[in-house]
1. Could you check which residue among A:Leu46, A:Leu298, A:Leu25 shows the biggest mean-square fluctuation in a GNM of chain A with a 10 Å Cα cutoff?
2. In the structure displayed, which of A:Lys254/B:Lys69; B:Lys45/B:Lys217; A:Lys10/B:Lys69; B:Lys45/B:Lys184; A:Lys10/A:Lys254 lie more than 24 Å apart, Cα to Cα?
3. Within the range B:101-191, which trypsin sites (Lys or Arg not before Pro) sit in a loop by DSSP and count at most 16 neighbouring Cβ atoms inside 10 Å?
4. Would you calculate the separation in nanometres between label points at B:Asp223 and B:His236, each defined as 7 Å from the Cα along the Cα-to-beta-carbon direction?
5. So for the pair B:Phe250, B:Ser133, with labels modelled 7 Å out along Cα→Cβ, what separation do we get in nm?
6. Which value in Å does the Kirkwood hydrodynamic radius of chain A take, with 1/r averaged over all unlike C-alpha pairs and then inverted?
7. For B:102-109, what's the mean count of beta carbons from other chains sitting within 10 Å of each residue's beta carbon?
8. Using only Cα atoms, what is the ratio of the radius of gyration of the range A:9-75 to 2.2 N^0.38 Å?
Amino acid sequence: MTVNTISQTKTELQAKVLLGLGVGLLVLAFLSLSVGAFSIPLGNVLSIISSQLGVNFADFTAQQSNVLLQIRLPRLLLAILVGGGLGITGASLQGLFRNPLVEPGLIGVSTGGALFAVIFIVFGASIPAWHYLGPFALPLAAFIGGLLNTYIVYRIASQFGKTDISLLILSGVALNALSGALIGLVLFYADDAAIRNFTFWSLGDLGGANWTKVGIGFLLIVGPVVFLLSQFRNLNALAIGENEAFHMGVDVQKTKIILLVASAVIVGTAVSMSGTIGFVGLVVPHLLRLTFGADHRLILPGSFLLGAILLTGADILARTIVMPAEMPIGIITAIMGAPFFVWLILRFKKIRY
Amino acid sequence: MLQAQDVHFCIKNQPIIDQASVNLRPGELTVLVGPNGAGKSTLFKILAGENPCKHGTVRYNGRSIHQYKTKELARIRAVMPQHSELTFPFRAIEVVEMGLFASGSDRSGEIIREVMDATETWHLREKLYGNLSGGEKQRIQFARVLAQVWEPKPFPRYIMLDEPVSSMDIAFQHKAMNILQSVKERNVAVLVILHDLNMTAHYADRVVLLKKGLIYKQGSVEDTITSENLAWVFDHPIRVIPGTDSAAPFVQTNPNFIEKLSLTLS
């Protein structure tokens with residue numbers, strides 16, 4: 001058996017895994033468009049979409065068409081963008097910190113983003129320069145908050161190119177507590193009109209989806225995601241160690257900056273659109289690594305697809321469990337994710353790779 | 001050739017390396033020897049480009065190390081640090097493959113097979129790196145670093161290893177040193193930090209003796225591995241039985257001294 005046949009089999013396997021995840025996402029997407037308080041049969045979902053593409057079947061009602069095109073489709077696309085974005089960000093940050101317990105929510109990136117988003121919503125009117133940015137101002141504010149917290153956590157927990165996991169989690173706890181308290185403080189001083197509710201920022205919600213949000217999300221998330229996808233070889237090398245990666249020819253400093261900024265843009269945008277949704281970035285890369293190994297060539301795109309699948313699935317549950325009311329989606333991801341996190345810690349205690 | 005001139009490195013105004021000048025020549029195996037805390041690893045890191053030196057210059061093939069991009073540097077020098085741990089479940093062959101990060105050779109498949117055969121790690125290829133024993137891990141890392149300089153090139157290259165055989169059994173220690181001896185024939189300069197003085201005497205072309213951040217002596221094995229030099233550098237009575245044409249010098253510590261020491265302690 002030669003190395004070339006080994007790597008060929010590996011590439012084929014990776015392609016199959018990604019194809020499988022893609023098909024899974026597609027199936028779930030149609031399911032998500034169909035179910036809900038107002039049920040649209042799958043056949044009608046298909047005919048509404050095909051009529052948008054020019055092939056008219058006209059066997060659906062105008063109400064069905066409106067619900068699908070104005071409510072469900074943007075919501076589904078937002079779930080895919082946010083879930084995929086959180087998934088790939090989790091994978092990248094874990095690679096950067098060289099630690100499988102890292103997640104945007106745990107280390108304070110999401111709450112940092114939420115804090116700055118809340119500050120912007122409440123006090124933004126008094127900063128005239130922001131108005132030029134229009135609908136991009138809110139995601140940008142969240143991005144700055146996310147980047148700030150990522151940077152602080154990184155500086156606290158890293159020394160000589162190694163990241164200490166206990167310092168990392170503890171500084172995450174501290175920053176989460178502080179950011180959470182400050183969010184509460186800002187909301188305390190805000191009037192009801194300025195803020196929808198606190199739940200949105202702490203538990204997440206996809207309910208506010210509309211085409212404007214999807215458009216902005218698409219513009220701000222897809223670019224950084226592509227950037228992250230291109231970093232797979234650097235992330236593989238970083239897994240051996242920062243010094244080792246440098247010796248092998250990785251510009252470590254540049255890679256770090258790319259990863260941190262791209263992650264903060266994605267998380268900041270996601271947070272500003274749907275609040276803080278936890279555990280997606282933690283669970284997703286792990287499931288993939290457990291089953292298919294650690295090669296980031298698969299982990300990065302796989303995490304995007306699986307993250308999108310997970311959040312789309314969670315959103316279906318959020319919309320159907322307490323019909324016709326809706327459950328905050330963060331409750332569902334946390335109920336699934338927190339036990340997984342505990343299991344992960346126990347496992348981490350037993351074996352270290 | 002790698003030329004390091006008047007290299008100086010301080011931590012909190014305490015010199016760790018003081019005015020060190022070393023040359024590494026292709027075709028030569030240089031061994032860095034010295035007691036704990038002498039500054040071996042620091043000097044090693046300066047030469048490898050990992051630590052910047054405060055004063056002095058390091059030149060690779062006549063060009064200052066600062067003028068190299070990270071990737072260019074990786075094409076002419078490979079480094080094996082003391083310990084490398086992975087947090088993610090990579091397989092052994094994936095770790096070795098990473099050695100080809102900078103070169104991206106067309107022959108990557110053959111190179112990986114060759115270095116894994118040489119280090120006798122081919123049978124470990126599908127295993128998770130984290131499940132390997134300490135010595136096996138070291139052999140995998142050794143294979144990764146070898147892969148980086150394996151393909152012959154028209155320009156001089158460098159391979160630097162910080163205690164590369166510390167976890168290997170005696171047979172592999174010698175196999176690893178023999179591999180390095182054959183690698184140096186490919187226009188490669190080898191720098192190794194070793195603690196085993198007999199190993200040093202056997203394989204080194206040049207020895208650099210380091211004590212308290214200063215290069216005490218450097219030169220051939222005959223000039224450096226002597227009773228006086230080693231006793232001074234290590235602060236410990238060491239006897240060297242001079243080598244012959246067919247055998248390297250033999251280094252022996254004086255066991256009587258240890259006995260006396262334990263007597264005074266009790």
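Computed from the coordinates by the stated procedures, all read-outs in this text should not be read as laboratory data. Nothing here was measured: the structure is a model prediction, and the numbers come from that model. Cβ coordinates were reconstructed from backbone atoms using ideal geometry, including for glycine residues, and neighbour counts include every protein chain displayed.
1. Largest GNM mean-square fluctuation: A:Leu46.
2. In this structure, A:Lys10/B:Lys69; A:Lys10/A:Lys254 lie more than 24 Å apart at Cα.
3. Those satisfying the criteria are B:Arg107, B:Lys127.
4. 2.6
5. 2.9
6. One decimal place: 21.0 Å for the Kirkwood radius.
7. 2
8. The value comes to 1.40.
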